[in-house]
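Student: I'd like to ask you about the structure that follows.
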Amino acid sequence: MTALDVPGSLRMTRTFGFVFITSAIFLAMAASSAPSPLYRVYQDEFGFSAVMLTVIFAIYTLCLLIALLITGSLSDCIGRRPVLIAGLGLLAVSMALFLFATGTAGLILARSVQGFATGTLLAALAASVIDLEPPGRTGFGATTNSVAPPLGMGFGAVIAALVIDASDSPADVIFFSLSVVFALMTLIALALPETSPRRGGWRRSLIPRLGVPATARAPFLQSIPALMASWSLGGLYLSLGPSLVSKVLSGSSHLEEGLVVICLAGAGASASFALRKRTPREITLFGTTALAVGTALTIVAIAAESLPGFFVATLVAGTGFGTSFLGVVRSLAHATGPAERGELFASMYVVSYLAFGVPAIIAGILTQVIGLRDTAMIYAVFVIVLATTAALARKLGSTD
């Protein structure tokens, strides 16, 4: 198999490019969840409040959304490779900022830079996976786009939790390692094959906007309820999951807190792989139904204060979390050509991260008013309503 347009000895084959991009998605998402288990450590060390924790969570989401709105379609104009190099380099800088943070301001700066770096990368990475999809394996890129992010998030949370339990300086170990990894990936990205033809208008593309190509508008609008349901559930688990395990369900270690995320992500990835040959409609219907059922089971587990029950509920909900997103990505993957693919995936991720961040931020504030347990219950009901709405919309909508 031949390289694309990278000259000389730096040429990278299409297959290796696909593997590299998949690894970049996995590791970027691992880095996004790695700080979560550390927040309790930082609270003890820096002495900030739960409200400030919400601010740190919110600033990441805000900067990520700003980056998506500004740079989401940039790779359609100047090519994927320059955007990926810039995003990976910025991600390496953000990990170094975490490493040297000595207070709340340092954490906010590090999380802000990480949010902007991740937002810069997301659309270009998602589009590159579809661009580099192995010939004759239609749908494989969409499956990869759905499986790699949750696996990365789960991996990041669990590894961080293990390091916290094993090391006296967990932040140093985690963020030094990640800064080196992303610095090396930035260098390797110089050799990536270019998959998007360059065209004019890059300055215009930097004007913040949210756009969906006309050919993809119908499947995109139909996919919004499922996107909101799956990513809202992800926000519930990443924002409140570890605290629920330790404070409501009597968990006794950082590992148990991290396992909640890996159960959600692992179940989602496994179910996505198992259903990868189904139609987008079938996958989305299964996913949204499993989301509703699994989230209802989490309410039962929280009410009973049962940690084993919560893990079982998480596994059920996780299958819905992964397959709902897979169904959406499969619907959108080939709805437009390479020249507009970055813009389309940027819009998809804007909706996703709004659903991920806004309810989680509100929940963080509510915990100060009505407590963690009641907030989690209300949040879970919200997810059930979204998932049920998404299932009905897909059931009554057009077939694939």
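Student: Of the residues 342, 337, 371, which single one is more than 19 Å from residue 260 (Cα to Cα) and in contact (Cβ under 8 Å) with a residue 12 or more places away in the chain?
Tutor: Result: 342 is the single residue among 342, 337, 371 that is more than 19 Å from residue 260 (Cα to Cα) and in contact (Cβ under 8 Å) with a residue 12 or more places away in the chain.
Student: Oh, and also: Name the residues in region 143-177 that are hydrophobic (A, V, I, L, M, F, W, C), under 30 Å from residue 133 (Cβ atoms) and buried (at least 21 other Cβ atoms within 10 Å of the Cβ), would you? It would help to see each step written out before you state the result.
Tutor: From region 143-177, those hydrophobic (A, V, I, L, M, F, W, C) are 147-148, 151, 153, 155, 157-164, 166, 171, 173-176; that's our starting set.
Within this subset, residues satisfying the condition of being under 30 Å from residue 133 (Cβ atoms) are 147-148, 151, 153, 155, 157-159.
Within region 143-177, 147, 148, 151, 153, 155, 157, 158 qualify.
Student: Residue by residue through region 262-290, note down the ones that are in contact (Cβ under 8 Å) with a residue 40 or more places away in the chain and not in a helix (DSSP H, G or I).
Tutor: 275, 276, 277, 279 - these are the residues of region 262-290 that are in contact (Cβ under 8 Å) with a residue 40 or more places away in the chain and not in a helix (DSSP H, G or I).
Student: Looking at region 321-342, can you tell me whether even one residue there is touching an Asp or Glu at 6+ places or on another chain (Cβ under 6 Å) and surrounded by 24 or more Cβ atoms within 10 Å (Cβ to Cβ)?
Tutor: The answer is yes; a qualifying residue exists.
Student: Any residue that is closer than 25 Å to residue 132 by Cβ, surrounded by fewer than 18 Cβ atoms within 10 Å (Cβ to Cβ) and free of Cβ contacts under 8 Å to residues at least 60 places away in the same chain - is there at least one of those in region 12-19?
Tutor: yes
Student: Would you confirm, using the coordinates I've provided, whether residue 302 is in contact (Cβ under 8 Å) with a residue 40 or more places away in the chain, more than 22 Å from the chain's Cα centre (by Cα) and crowded, with 20+ Cβ neighbours inside 10 Å? Steps first, please.
Tutor: Values: in contact (Cβ under 8 Å) with a residue 40 or more places away in the chain: yes; more than 22 Å from the chain's Cα centre (by Cα): yes; crowded, with 20+ Cβ neighbours inside 10 Å: yes.
Against the criterion (in contact (Cβ under 8 Å) with a residue 40 or more places away in the chain, more than 22 Å from the chain's Cα centre (by Cα) and crowded, with 20+ Cβ neighbours inside 10 Å), residue 302 qualifies.
Student: Out of everything in region 131-142 that is under 11 Å from residue 333 (Cα atoms) and either among the small types (Gly, Ala, Ser) or buried (at least 24 other Cβ atoms within 10 Å of the Cβ) (or both), what residue ends up being farthest from the chain's Cα centre (by Cα)?
Tutor: If we filter region 131-142 for residues that are under 11 Å from residue 333 (Cα atoms), which is where we start, we get 131, 133, 138-142.
Going one step further and asking which of them are either among the small types (Gly, Ala, Ser) or buried (at least 24 other Cβ atoms within 10 Å of the Cβ) (or both), we end up with 139, 141-142.
Values: 139: 20, 141: 16, 142: 15 Å.
Among residues in region 131-142 that are under 11 Å from residue 333 (Cα atoms) and either among the small types (Gly, Ala, Ser) or buried (at least 24 other Cβ atoms within 10 Å of the Cβ) (or both), the one farthest from the chain's Cα centre (by Cα) is 139.
Student: Does residue 323 count as more than 22 Å from residue 256 (Cβ to Cβ) and in a helix (DSSP H, G or I)?
Tutor: In short, yes.
Student: What's the total number of residues in region 258-316 that are more than 17 Å from residue 327 (Cα to Cα) and aromatic (Phe, Trp, Tyr)?
Tutor: Here the count works out to 2.
Student: Now for a different question. Evaluate the following for residue 32: is it buried (at least 21 other Cβ atoms within 10 Å of the Cβ) and at pLDDT 85 or above?
Tutor: Working: buried (at least 21 other Cβ atoms within 10 Å of the Cβ): yes; at pLDDT 85 or above: yes.
Yes, satisfied.
Student: With the checklist (1) within 30 Å of residue 171 (Cβ to Cβ); (2) surrounded by fewer than 24 Cβ atoms within 10 Å (Cβ to Cβ); (3) within 18 Å of the chain's Cα centre (by Cα) in hand, flag the one item residue 264 doesn't pass.
Tutor: Only one criterion in (1) within 30 Å of residue 171 (Cβ to Cβ); (2) surrounded by fewer than 24 Cβ atoms within 10 Å (Cβ to Cβ); (3) within 18 Å of the chain's Cα centre (by Cα) is unmet by residue 264, namely (2).
Student: Being closer than 14 Å to residue 309 by Cα and part of a helix (DSSP H, G or I) is the filter; apply it to region 231-261 and report the residue that is modelled with the lowest pLDDT.
Tutor: Looking only at region 231-261, we keep the residues that are closer than 14 Å to residue 309 by Cα, and these are 241, 244-245, 248-251, 256, 259-260.
Narrowing further to those that are part of a helix (DSSP H, G or I): 241, 244-245, 248, 256, 259-260.
Details: 241: 80, 244: 86, 245: 85, 248: 86, 256: 77, 259: 80, 260: 83.
It comes out as 256.
Student: In this structure, does residue 294 turn out to be part of a loop (DSSP other than H, G, I, E, B), over 26 Å from residue 69 (Cβ atoms) and either in contact with an Asp or Glu (Cβ under 8 Å, 6 or more places away or on another chain) or touching a residue at least 12 places away in the same chain (Cβ under 8 Å) (or both)? Working first, answer last.
Tutor: On the way: part of a loop (DSSP other than H, G, I, E, B): no; over 26 Å from residue 69 (Cβ atoms): yes; either in contact with an Asp or Glu (Cβ under 8 Å, 6 or more places away or on another chain) or touching a residue at least 12 places away in the same chain (Cβ under 8 Å) (or both): yes.
No, not satisfied.
The values are calculated or read from the model by the stated rules, or taken from the named source; none is laboratory data. All values derive from a computational prediction rather than experimental measurement. Positions of Cβ are backbone-derived with ideal geometry, glycine not excepted, and every protein chain shown enters the neighbour counts.
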